[in-house]
Amino acid sequence: KELTAFLREHCQLYQLPIKLVIMQRNSGYSSANNAGASQARGKYILLMNSDVFPRASGWIDKMIEFYQSSPEIGTVGAKLVYEDGSIQHAGMFFEKTTFPFWLTLHYYKGFPNKYGPANTARAVPSVTGACLLIAKELYDQVGGMSTEYVIGDFEDSDLCFKCVSQGYENWYYPDAEFYHLERQSVPLNASYSGSLAWHHNARLHERKWGGLISQIMESRV
């Protein structure tokens, strides 16, 4: 009731329609996004974490305008920064270290906000699902987000690679900038990183997309 009242008040305040979808149980990030997308009636879907906050107004119009600038664009990811303004996300890439699978990394993580390459729109291997714009038609076409992964991680890059497999590109767009309180919604949860669930997700991601990732990363060397 409290949430319903909160949303009703804000609908009246900002004159924006909203639809609240209540799931019977917590079935994870992918399922929640898919449930929301199934009820969406707009042309575009924006995936946004609860710990992401825009730094300026007008960002959604900018992202949509950029999305419409090329028929090759499949997903658009925004610039995400930490509370001190340093970069948290400027697109994602992949690297192999001591693990037998590709790890997901963020371009220029920790760099100053004004770092030149982080302020240039460009095609990237993948973008984070913390703030990701995609056409609803394409989201439906690729089957939405995969529900195979446990707890979290890899679902966003999985979605991006689904788009790549259909001939689309993933783009980083720095003119839409947000604060991201990374993982603060899961405080001090050390049980996931390096856990069996994380290893399962990483190996599943490798099994599905390892060959494509190799092609993409080799082309960027």
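Couple of notes before you dig in:
- With a requirement of 1 or more residues that are open to solvent by 40 Å² or more (accessible area, probe 1.4 Å) and farther than 24 Å from residue 50 by Cα, the strands (runs of 3 or more DSSP E) lying completely within segment 105-184 that satisfy it span 122-124, 169-180.
- Residues that are of a type in the set (S, T, N, Q) and over 14 Å from the mean Cα position of the chain (by Cα), drawn from segment 78-129: 86, 97, 98, 113, 119, 120
- Pair list, Cβ < 6 Å and 6+ apart or interchain, from segment 145-166 residues that are β-branched (Val, Ile, Thr) to residues that are part of a loop (DSSP other than H, G, I, E, B) and surrounded by fewer than 19 Cβ atoms within 10 Å (Cβ to Cβ): 151/192
To keep it simple, each residue is scored yes or no on (1) more than 15 Å from residue 133 (Cα to Cα); (2) among the polar types (S, T, N, Q); (3) modelled with pLDDT of 95 or more.
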| site | (1), (2), (3) |
| --- | --- |
| 175 | no, no, yes |
| 182 | yes, no, no |
| 195 | yes, yes, no |
| 212 | yes, no, yes |
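- Among the residues making up segment 1-50, those that are within 25 Å of the chain's Cα centre (by Cα) and among the aromatic types (Phe, Trp, Tyr) are 29, 44.
- Flag if residue 75 is within 20 Å of residue 30 (Cβ to Cβ) and polar (S, T, N, Q): yes
- Screening residue 98 with (1) among the hydroxyl-bearing types (Ser, Thr, Tyr); (2) out of contact with any Asp or Glu (no Cβ under 9 Å at 6 or more places or on another chain); (3) under 30 Å from residue 119 (Cβ atoms) gives one miss only, at (3).
- Between 29, 107, the distinction of being within 20 Å of residue 126 (Cα to Cα), in contact with a strand residue (DSSP E or B) (Cβ under 8 Å, 6 or more places away or on another chain) and among the aromatic types (Phe, Trp, Tyr) belongs to 107 only.
- Meets criteria (of a type in the set (D, E, K, R) and at pLDDT 95 or above) for residue 96: no
The values are calculated or read from the model by the stated rules, or taken from the named source; none is laboratory data. As the structure is a prediction and not an experimental result, all values here were calculated from the model. Glycine also receives a Cβ, built like all others from the backbone with ideal geometry; neighbour counts cover every protein chain displayed. These area figures cover heavy atoms from the full protein model, side chains too; ligands, DNA and RNA do not enter into them. Shrake-Rupley method; radii C 1.70, N 1.55, O 1.52, S 1.80 Å.
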